[in-house]
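Reading through the structure tokens given below for one structure.
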Amino acid sequence: MDQIDRAIVRALQQDSSLSQRGLAEKVGLSQNACWRRLNALRASGVIEGETVRLSQTAIGLGVTVFVMVRTRYHSREWLSQFREAVLAIPNIVDFHRLAGDYDYMLKVVAKDMNAFDRIYQMLISKVELDTVTSYLSMEAIADNRDMPV
């Protein structure tokens, strides 16, 4: 990626609804040149898709909980079952495998603590886990930040 490609992706991270013309003007290219670069960024996998960021509180999901999971199992079969269980729960919006004291971290959004408890119960009913520790987020200081390019 050169400086122009970086300018394109920075502009799109700020506002993915920019028109071709608006994007081209913002980065100082002709529309055709900008379109070619944009297609190349998509084809190379730099741009994976275009989404809309929603206000978590505006849609009634006022609670964020980070769930740390430790397991005794590390087989492909167990991981497949765990992955399937986690991905079937739409309120789990981030899912990471970790190195360190815990094996996995889940970011869960919910209406309230009762809703979180139902999500938690759903998760533990589907797969055996060793240790589950939950941390309630008090404030999102920086959330869904743009990628540094």
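The values are calculated or read from the model by the stated rules, or taken from the named source; none is laboratory data. On a predicted model such as this, the values are computed, not experimentally measured, just so you know. In this analysis, Cβ positions are derived from the backbone assuming ideal geometry, glycine residues included, and neighbour counts consider all displayed protein chains. Just so you know, the surface numbers come from the protein's heavy atoms only, side chains and all, with ligands and any DNA or RNA stripped out. Shrake-Rupley method; radii C 1.70, N 1.55, O 1.52, S 1.80 Å.
Descriptive notes on the structure:
- Filter result for Glu25 (at pLDDT below 95, open to solvent by 60 Å² or more (accessible area, probe 1.4 Å) and out of contact with any helix residue (DSSP H, G or I) (no Cβ under 7 Å at 6 or more places or on another chain)): no
- Per the conditions (1) closer than 27 Å to Thr131 by Cβ; (2) modelled with pLDDT under 95, the sole criterion not satisfied by Trp78 is (2).
- Scanning region 110-125 for residues that are open to solvent by less than 90 Å² (accessible area, probe 1.4 Å), in contact (Cβ under 8 Å) with a residue 12 or more places away in the chain and either basic (Lys, Arg) or closer than 20 Å to Leu87 by Cβ (or both) returns Ala110, Ala115, Phe116, Ile119, Tyr120, Met122, Leu123.
Yes/no matrix, rows are residues, columns are (1) under 18 Å from the mean Cα position of the chain (by Cα); (2) open to solvent by less than 80 Å² (accessible area, probe 1.4 Å):
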{"position": "Gln3", "(1), (2)": "no, no"}
{"position": "Asp15", "(1), (2)": "yes, yes"}
{"position": "Gln20", "(1), (2)": "no, yes"}
{"position": "Cys34", "(1), (2)": "no, yes"}
{"position": "Gly60", "(1), (2)": "no, yes"}
{"position": "Met68", "(1), (2)": "yes, yes"}
{"position": "Ser75", "(1), (2)": "no, yes"}
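- Any hit, region 84-94, residues being at pLDDT 95 or above, in contact with a Ser or Thr (Cβ under 8 Å, 6 or more places away or on another chain) and farther than 23 Å from Ala142 by Cα: no
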